[in-house]
There are 2 protein chains.
Amino acid sequence: MSTTGRGLHGRVLDTLGPEITAGEYPPGSVLRTDELAQRFDVSRSVMREVVRVLESMHLVESRRRVGVTVLPSHEWNVYDPQVIRWRLAGADRPRQLRSLTVLRSAIEPVAASLAARNATAEQCAELTECALGMVANSRGHKLEGYLFHDVAFHRVILTASGNEMFARLGDVVAEVLAGRTHHDVMFEDPDPAAVTLHVQLAEAVRARDAARAEKLTREITEGALQELDILAP
Amino acid sequence: MSTTGRGLHGRVLDTLGPEITAGEYPPGSVLRTDELAQRFDVSRSVMREVVRVLESMHLVESRRRVGVTVLPSHEWNVYDPQVIRWRLAGADRPRQLRSLTVLRSAIEPVAASLAARNATAEQCAELTECALGMVANSRGHKLEGYLFHDVAFHRVILTASGNEMFARLGDVVAEVLAGRTHHDVMFEDPDPAAVTLHVQLAEAVRARDAARAEKLTREITEGALQELDILAP
DNA sequence: GTGACGAATAAATCTGACTTTTTATTCCTG
DNA sequence: CAGGAATAAAAAGTCAGATTTATTCGTCAC
């Protein structure tokens with residue numbers, strides 16, 4: 001599941017990254033590569049590679065004579081999947097989940113509308129298959145099976161939109177849905193209304209009905225917002 | 001304007017990154033660290049740092065014994081501001097601009113709706129100030145002045161939404177607007193209708209009229225889509 | 001033809017020395 | 001005492017060489 005797992009530098013990153021995104025070092029804190037290298041028992045070269053990556057994520061800034069300065073959170077590359085994962089694993093997970101759900105509510109309706117125009121026959125088939133999988137797992141506490149098909153469904157929609165920016169949000173949606181199932185809400189079977197909406201959405205896309213696809217998706221995302229007690233815009 | 005300018009490794013990145021995002025190395029191409037270090041006349045350490053950063057952007061994958069493999073474009077972190085800038089500077093700039101404009105059309109209406117609820121008095125003031133600036137620069141080929149206020153306007157909206165994911169798209173919107181002014185369309189003064197919409201949007205936000213703010217923004221982004229000959233969803 | 005073993009190879013890592021830049025301090029001068 | 005220039009120090013930046021490790025590919029036996 002972890003992306004950077006391999007390599008010495010990846011292991012250091014998996015420790016230091018979450019620490020920073022968790023806010024353990026307040027903005028403006030100064031870290032020194034030498035100390036960090038000593039702490040993690042790696043060479044300075046490896047530590048410098050780690051710092052470079054953190055720098056490319058705008059989590060820190062490295063300046064000569066000063067050290068490695070932690071940047072305020074509004075500078076962070078919050079779209080970096082790695083950063084998203086680190087933050088979802090940390091303390092402000094609820095806040096993060098809300099932000100991402102609002103993002104979904106903006107993106108997915110438009111993506112669905114585009115998918116209704118651009119989806120291939122194969123993608124339409126995948127969509128109905130996923131919807132059927134959701135139906136099949138919607139009762140009897142088969143949450144994992146339901147999640148699997150739910151994630152696949154939304155991934156197909158985003159990909160079928162034909163917009164690469166949308167397509168790349170597949171991982172984000174997957175994280176949000178997984179988070180919802182595993183931690184926050186949904187102790188029992190999913191809302192039957194939501195399942196129905198997915199089935200209808202698959203139909204709408206197959207029928208090339210962009211307006212209907214958009215409207216149905218809006219209902220789905222509004223449901224997601226309500227689950228988190230967010231007022232629908 | 002460049003972010004990575006400082007340091008030897010930054011200069012190498014500014015050459016190699018654009019080359020990769022421009023598709024000069026087809027997916028699956030293998031680069032070797034040693035050769036690259038030789039080519040750029042830097043040490044392997046520097047080259048390794050560069051490769052690590054490219055790897056964190058999912059532009060390449062580094063595996064032992066194999067080398068540095070270029071990944072297909074659907075793997076890239078297309079939300080990384082650096083990657084966006086590289087791609088906008090490259091050959092498929094038009095395609096990139098379209099993707100980003102569609103993204104804007106999804107995000108900004110929702111952001112405006114939220115801004116109408118959450119904007120502070122100060123942000124409302126900034127908004128009207130920007131709108132006035134746009135009006136003042138809307139005639140007489142004062143394109144740079146117009147662009148400046150246009151960018152500031154949309155930045156305030158995104159920030160005032162209170163959603164950090166939206167706020168971080170300020171740079172993207174800035175790039176898109178700048179690209180439109182400097183290269184593609186808009187040879188003469190901006191559309192007066194667009195200017196009016198911005199003024200009205202500032203008013204709507206100040207009046208806390210979320211629905212109106214959303215609708216007005218939708219009209220603005222639809223205009224942007226039409227300029228690029230994209231059918232409005 | 002399949003499987004296992006081993007050698008070659010290229011990246012990954014470590015080490016330690018040297019360089020450069022930036023900041024702070026000191027000291028000289030007005 | 002104040003201002004500014006020279007100086008020192010600190011930390012990142014750079015480099016080259018030695019070592020380690022994992023993967024691939026060829027060979028050989030079964």
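Quick one: give the max-minus-min coordinate of the C-alpha atoms of the range A:92-227 along each principal axis, largest first, in Å.
Result for the range A:92-227: principal-axis Cα extents of 36, 31, 21 Å.
Cβ under 14 Å from A:G28's Cβ, A:G28 left aside: what net charge do those residues give with Lys, Arg +1 and Asp, Glu -1? It would help to have the intermediate numbers written out before the result.
On the way: positive: A:R63; negative: A:E24, A:E61, A:E75.
Once positives and negatives cancel, what remains is -2.
With the label 7 angstrom out along Cα to Cβ, how close does B:G140 come to the same site in each of the other copies, in nm, nearest first?
7.6
Would you look at the GNM of chain B, springs on alpha carbons closer than 10 Å, and say which of B:A167, B:A115, B:A193 moves the most?
In this elastic network of chain B, the residue with the biggest mean-square fluctuation among B:A167, B:A115, B:A193 is B:A193.
Please go through the range A:138-233 and write out the GluC sites (Glu not before Pro) that DSSP classes as loop and that have at most 16 other C-beta atoms within 10 Å.
A:E188
Got the A:G23 label distances to the other copies yet, label 7 Å along Cα→Cβ, in nm, shortest first?
Its label point is 4.4 nm from the equivalent points in the other copies.
Report, in whole Å, the centroid distance computed from the Cα atoms of the range A:6-23 and the range B:1-71.
Each part's Cα centre sits 22 Å from the other's.
Give the Debye-formula value of log10 I(q)/I(0) at each listed q (0.17, 0.20 Å⁻¹), with one equal scatterer per alpha carbon of the range B:34-157, two decimals each.
Once normalised to I(0) and log-transformed, intensities are -0.98, -1.16.
What distance in nm separates the simple spin-label points at B:R65 and A:T15, each placed 7 Å from Cα in the Cβ direction?
2.8
Please give the FRET efficiency for A:D189 paired with A:A121, using the beta carbon to beta carbon distance and R0 = 35 Å, rounded to the nearest 0.05.
Between A:D189 and A:A121 the formula returns 0.65.
Put one equal scatterer on each alpha carbon of the range B:8-75, apply the Debye formula with no solvent term, and list log10 I(q)/I(0) at q = 0.12, 0.22, 0.26 1/Å to two decimals.
-0.25, -0.90, -1.28
Under 14 Å Cα-Cα from B:K142, which aspartates and glutamates qualify once same-chain neighbours fewer than 8 residues away are excluded?
By straight Cα distance, B:K142 reaches B:D150, B:E188, B:D189, B:D191.
Please work out which residue of chain A brings its Cβ closest to the axis of the rotation superposing A onto B, and round that distance to whole Å.
Per the Cβ-to-axis criterion, the result reads A:Y79, 2.
Just how far, in whole angstrom, is the range B:164-233 from the range B:75-92 if you go by their alpha carbon centroids?
First find each Cα centre; the distance between them is then 22 Å.
List every DSSP H helix in chain A whose Cα atoms extend 27 Å or more along the helix's own long axis and whose mean Kyte-Doolittle hydropathy is at least -1.0.
A:93-118
Under 15 Å from the Cα of B:K215, which aspartates and glutamates turn up, not counting those fewer than eight places away in the same chain?
B:E108, B:E203
In whole angstrom, and with the biggest value first, how far do the Cα coordinates of the protein assembly as shown range along each principal axis?
Largest to smallest, the principal-axis extents are 67, 56, 42 Å.
How would you rank A:T159, B:T120, A:T33, going from fewest to most other Cβ atoms within 10 Å of each one's own Cβ?
Lowest to highest Cβ neighbour count: B:T120, A:T33, A:T159.
Every number here is computed from the coordinates shown, using simple stated rules; none is lab data. Note that the structure is predicted; figures quoted are calculated from it, not measured. Cβ sites come from the backbone with ideal geometry, for glycine too, and all protein chains shown count toward neighbours.
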